[in-house]
1. With A33, A65 as the choices, which residue is among the small types (G, A, S) and either open to solvent by less than 20 Å² (accessible area, probe 1.4 Å) or not in a loop (DSSP other than H, G, I, E, B) (or both)?
2. When segment 1-30 is examined, which residues are found to be assigned to a helix (DSSP H, G or I), of a type outside the set (G, A, S) and within 15 Å of the chain's Cα centre (by Cα)?
3. Give the residues of segment 36-58 that are part of a loop (DSSP other than H, G, I, E, B) and touching a Phe, Trp or Tyr at 6+ places or on another chain (Cβ under 6 Å), sorted by residue number.
4. Checking R78 against (1) charged (D, E, K, R); (2) surrounded by 18 or more Cβ atoms within 10 Å (Cβ to Cβ); (3) part of a helix (DSSP H, G or I), only one condition comes out false. Which one?
5. Pull up segment 30-59, narrow it to residues that are of a type in the set (D, E, K, R) and out of contact with any strand residue (DSSP E or B) (no Cβ under 9 Å at 6 or more places or on another chain), then point me to the one that is farthest from M162 (Cα to Cα).
6. Where the second residue is surrounded by fewer than 15 Cβ atoms within 10 Å (Cβ to Cβ) and modelled with pLDDT under 95 and the first is at positive phi and lies in segment 135-153, which pairs have Cβ atoms under 7 Å and are six or more apart or on separate chains?
7. Which of the residues spanning segment 136-149 are touching a helix residue (DSSP H, G or I) at 6+ places or on another chain (Cβ under 6 Å) and closer than 22 Å to L23 by Cβ?
Amino acid sequence: MLEPLVDILIEDPRWEEIDLSALAEHAARAVLADRGLDPEDFEISLLGCDDARIAVLNADFRGKASPTNVLSWPSDERAAEDDGGEPDLPEPFAPGIPEALGDIAIAYETCVREAGDQGKALRDHVLHLLVHGTLHLLGFDHIREGDAALMEEIEVRVLDRMGILNPYGE
């Protein structure tokens, strides 16, 4: 049996209804496979929380005292120097000792509201956000135009492999 890639803490039990643990594992493994990384060499921590909790985290870490859908905290700075360039992918720590990629938090109410507003299945929207969060842990971002284009391209490709339509509607 494979060791889990994602170590999950569920604070909001509503996440159990859609099996957040399985979705997170699926999304994270898909991203790592796309990047040519062995999931057995890495680990991710995930917090399944509610809007109140993520609003506190968003205020503490981003200075924005409001809920958001997903937050990510990479364990290392991996961003590309050049806009649109590939980030420095992580290296395994040592055989049999997974390297921590970082932490992700995802908020239930915001995800439900966004999925409804966008006419998407909650499961598909959550998978997209988990793919997005995992890419952030690998150094991808969307602040600069070229970086955003690269990140979106990878998200669309990974989600397509999971049978999920392009979330950007193109």
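The values are calculated or read from the model by the stated rules, or taken from the named source; none is laboratory data. From a predicted model like this one, the values you see are computed outputs, not experimental measurements. Heads up, the Cβs are rebuilt from the backbone with ideal geometry, glycines too, and the neighbour counts pull from every protein chain shown. The area values use the complete protein model at the heavy-atom level, side chains included, leaving out ligands, DNA and RNA. Shrake-Rupley method; radii C 1.70, N 1.55, O 1.52, S 1.80 Å.
1. Answer to the selection: A33.
2. Result: L20, L23, E25, H26, R29.
3. D50
4. All conditions pass for R78, except number (3).
5. Among those residues, the one meeting the criterion is E40.
6. G139/D88
7. Of everything in segment 136-149, those that are touching a helix residue (DSSP H, G or I) at 6+ places or on another chain (Cβ under 6 Å) and closer than 22 Å to L23 by Cβ turn out to be F140, H142.
Conditions (1) of a type in the set (A, V, I, L, M, F, W, C); (2) open to solvent by less than 30 Å² (accessible area, probe 1.4 Å); (3) touching a helix residue (DSSP H, G or I) at 6+ places or on another chain (Cβ under 7 Å); (4) without any contact (Cβ under 8 Å) to a residue 24 or more places away in the chain, marked per residue:
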{"site": "E3", "(1), (2), (3), (4)": "no, no, yes, no"}
{"site": "R14", "(1), (2), (3), (4)": "no, no, yes, no"}
{"site": "D19", "(1), (2), (3), (4)": "no, no, no, yes"}
{"site": "L23", "(1), (2), (3), (4)": "yes, yes, yes, no"}
{"site": "L47", "(1), (2), (3), (4)": "yes, yes, no, no"}
{"site": "L57", "(1), (2), (3), (4)": "yes, yes, no, no"}
{"site": "D60", "(1), (2), (3), (4)": "no, no, no, yes"}
